[in-house]
1. In whole Hz, with x marking every Gly and Pro, tabulate ³J(HN,Hα) for the range 49-56 from phi via Karplus 6.51 cos²θ - 1.76 cosθ + 1.60, θ = phi - 60°.
2. Roughly how many nanometres apart are two label points built 7 Å out from the Cα toward the Cβ at GLU47 and ARG77?
3. At LYS55 and ALA35, where each label point lies 7 Å from the Cα along Cα→Cβ, what is the point-to-point distance in nanometres?
4. Along the range 70-79, what does the Karplus equation 6.51 cos²θ - 1.76 cosθ + 1.60 (θ = phi - 60°) give for ³J(HN,Hα), rounded to whole Hz, x for Gly and Pro?
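Derivation of every value follows stated rules applied to the coordinates shown; laboratory data play no part. These numbers come from a predicted model, not from an experiment. Note: ideal-geometry Cβ built from the backbone for every residue, glycine included; neighbour counts use all protein chains shown.
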Amino acid sequence: MRSTAQRTTEGASADLPSRPNPSADARAESHGAVAHVVAYLYDNRLEAAFGTTRKIAAQCGVSNATVVRASQWLGYRGFRELREALRTTLRS
């Protein structure tokens, strides 16, 4: 897992890494709901930066836990950390 400093200093694409760690790849690919949330997060970064797990879950038709799992799949400890990284990127 990369540190917050690494994620926020690697440029505009640092807010959502292009690929998570390899061990997470298989889990996400076998979990269509997680992949759906990840796609939503990429396409709706502003909403993710200021939204809640509940709001994103409702938009994606999944549970709050699935939003958290998608955040973890991307290398964050949870949605809160992902949201803070997105906000930091937007401020820079």
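1. With coefficients 6.51, -1.76 and 1.60, one gets 5, 10, x, 10, 4, 4, 5, 5 Hz.
2. 2.7
3. 2.8
4. Per residue, the Karplus-derived 3J(HN,Hα) values read 5, 4, 5, 4, 7, x, 9, 5, x, 5 Hz.
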